[in-house]
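The values are calculated or read from the model by the stated rules, or taken from the named source; none is laboratory data. These numbers were taken from a predicted model, which means no experiment stands behind them. With ideal geometry, Cβ positions are generated from the backbone for all residues, glycine too; neighbour counts draw on all protein chains shown. When the accessible area is computed, the model is the full protein with side chains, heavy atoms only, and any ligands, DNA or RNA have been set aside. Shrake-Rupley method; radii C 1.70, N 1.55, O 1.52, S 1.80 Å.
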Amino acid sequence: MIRDRGHLIHLIYLFLGLCFSFFLFITLQYDPLYQFFAIALGVLYYIVWGCLHHYFMDKLTLHVALEYFLVGSVVLLLLALVLGIG
Amino acid sequence: MIGDMQGSLASLFLPHAVHKRRARLISHEALFYYAIFLVLTIGGLKAVSLRLPGVLGYASNINTSDLLKYTNEQREGKGLGALALNDDLSQAAKAKADDMFEHDYWAHVSPQGVDPWYFFSQAGYDYYYAGENLAKNFSDSRSVVKAWMNSPSHRDNLLNTNYDEIGFAVVNGELDGYETTLVVQLFGKRRFAAPSGQVGGSEGQVAKDVVPAAAKEEVAAEESVPLQVPTQLQVARTQPVIDVTAFTRTVALILGGFIILLYLADLWYSSKMGIVKINGSTIAHTLLLLMVLLSVGFVISPGRVG
């Protein structure tokens, strides 16, 4: 139960971080490069969050960390494609 | 045999109950291949723009009448006076746009070091205050003005009380391999019209709001309407062979949406079958992907201001 609650709190932290990133993204609409960096910041936060979350849950492995990195990379590439960066 | 095929097919989309792994289409290998696919797509677009200039672009329909209307709406909304369209400024704007196409750049100062004020002088506009806003790759006039208003430095230009005249140019052409619609907006106040006690600057003082930014993207033009008489309605309509905005957005939404669906299926099936796997948080992945798809679907505009 405590574990589930901890999980939920961790997710709330992630949600808030991503909301902040999205807010920056919207605020910086006039510059696609800044927009990219805003989401990149969110992705970085997400990867760090993932590692810390699994570390505190005693489930951090290289395999798990790699998964966060790969999902984050796909997300950034999706964004780079649409924003015409690269 | 059929059972094996069904099992193999199911393992593409659903987590494996025995091996306790994610569906193969969201395995590490699959994610890696998605990343490679995206890198190749980005590179492919760049290659097409270089090898087949003009094929890629951004569909647009922009006209100076609407640009003037929306600009003055913004000013009047702030209690400022409307700007009058000026022929000389529009000529200068057109010359600036032509210069950008000719020398293949998109910036306030050309690679040859020519600044915006040169075009004012060339058009015979003796300014006391002057400013320049640029834009490209926008689909319509309203989104151009909206983007300028979203950018602090461009907004300052647009709402500057020192200006009383304005000029526009909307020109289609090829820039960096892409067909592009450039929008140049010039502001000014003639020297002779400046009340001496109001400006408080030395002769030649210029409120040059040379805004940062630079980018290169394009718009493909099927037709290019030259701007012969600046004060007449100028329209730039483009319909590229491949609309980059629609293409990239579609690819991103399909791929991103597909991955999200797989994660949701993973969540549902794992819960249903009681599969406990050691992997990243599916909810976290879904949240991140949702945020980006929202951005791609509703927020991102290919337009750039400078």
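Ignoring ligands, DNA and RNA and using a 1.4 Å probe, state the total buried accessible area between B and A in Å², rounded to the nearest 100.
Chains B and A together bury approximately 3700 Å².
Only bridges with both residues in the protein assembly as shown count here: give the DSSP antiparallel percent, nearest 5.
80 percent
With every protein chain kept in the model, how would you rank B:M149, B:M100 by accessible area, 1.4 Å probe, largest at the top?
The most accessible residue leads, giving B:M149, B:M100.
Would you mind checking which residues have amide H under 5 Å from B:D140's amide H? H placed 1.01 Å from N; only 5 or more apart, or other chain.
B:N61
Dividing the alpha-carbon radius of gyration of the protein assembly as shown by 2.2 N^0.38 Å (N being the number of residues), what value is obtained?
Cα-based Rg divided by the globular estimate yields 1.21.
First check a/c for region B:38-143, with a ≥ b ≥ c the square roots of the eigenvalues of its C-alpha gyration tensor; if it is under 1.5, answer rounded, and if not, answer prolate when a/b is larger than b/c or oblate otherwise.
Oblate, because a/c is 1.5 or more while a/b does not exceed b/c.
If you line up the long axis of helix A:32-56 against the longest principal axis of chain A, both from Cα atoms, how many degrees apart are they, to the nearest 10?
10 degrees
Place a +1 charge on the Cβ of each Lys and Arg in the protein assembly as shown and a -1 charge on the Cβ of each Asp and Glu, then give the dipole magnitude about the Cα centre in debye, rounded to the nearest 20.
Using only the charged Cβ atoms, the result is roughly 1640 debye.
Roughly what would the spin-label model give for B:D156 and B:L12, points 7 Å off Cα along C-beta, in nm?
Result: 5.6 nm between the two label points.
Residues of region B:287-303 with accessible area at least 50 Å² lower in the all-protein-chain context than alone (1.4 Å probe)?
Residues losing area: B:L287, B:L288, B:M291, B:V292, B:V299, B:I300.
Which FRET efficiency value, to the nearest 0.05, do you get for B:F298 and B:D4 by plugging their Cβ-Cβ distance into 1/(1 + (r/R0)^6) with R0 = 56 Å?
Efficiency, rounded to the nearest 0.05: 0.80.
Could you give the nm distance between label points at B:D104 and B:L80, where each point is 7 Å from its Cα heading toward the beta carbon?
In this crude label model, B:D104 to B:L80 measures out at 3.7 nm.
How many Å² of accessible area per residue for the protein assembly as shown, probe 1.4 Å?
Each residue of the protein assembly as shown exposes 46 Å² on average to a 1.4 Å probe.
Before anything else, pin down the relative contact order of region A:32-86: Cα pairs under 8 Å, at least 6 apart, normalised by residue count, whole percent.
It rounds to 52 percent for region A:32-86.
Which whole number of Å³ per residue matches the convex hull of the alpha-carbon atoms in region A:32-86?
55 Å³
For region B:45-81 and region A:10-48, what is the separation of their Cα centres, given in Å?
About 27 Å separates the Cα centre of region B:45-81 from the one of region A:10-48.
How about region A:61-81: which of its residues lose at least 50 Å² of accessible area in the presence of all protein chains relative to their chain isolated, using a 1.4 Å probe?
Hits at the 50 Å² cut-off: A:E67, A:L70, A:V71, A:V74, A:V75, A:L77, A:L78, A:L81.
Counting only protein heavy atoms and using a 1.4 Å probe, what share of the accessible area of chain A belongs to carbon plus sulfur, as a whole percent?
Carbon plus sulfur share of accessible area: 77 percent.
In this model, which of B:K78/B:K146; B:K46/B:K94; A:K59/B:K20; A:K59/B:K272 are farther than 20 Å apart at the alpha-carbon?
Over 20 Å Cα-Cα: B:K46/B:K94; A:K59/B:K272.
Let's test the formula: R0 of 30 Å, r as the Cβ-Cβ distance of A:C19 and B:S271. What FRET efficiency results, to the nearest 0.05?
0.70
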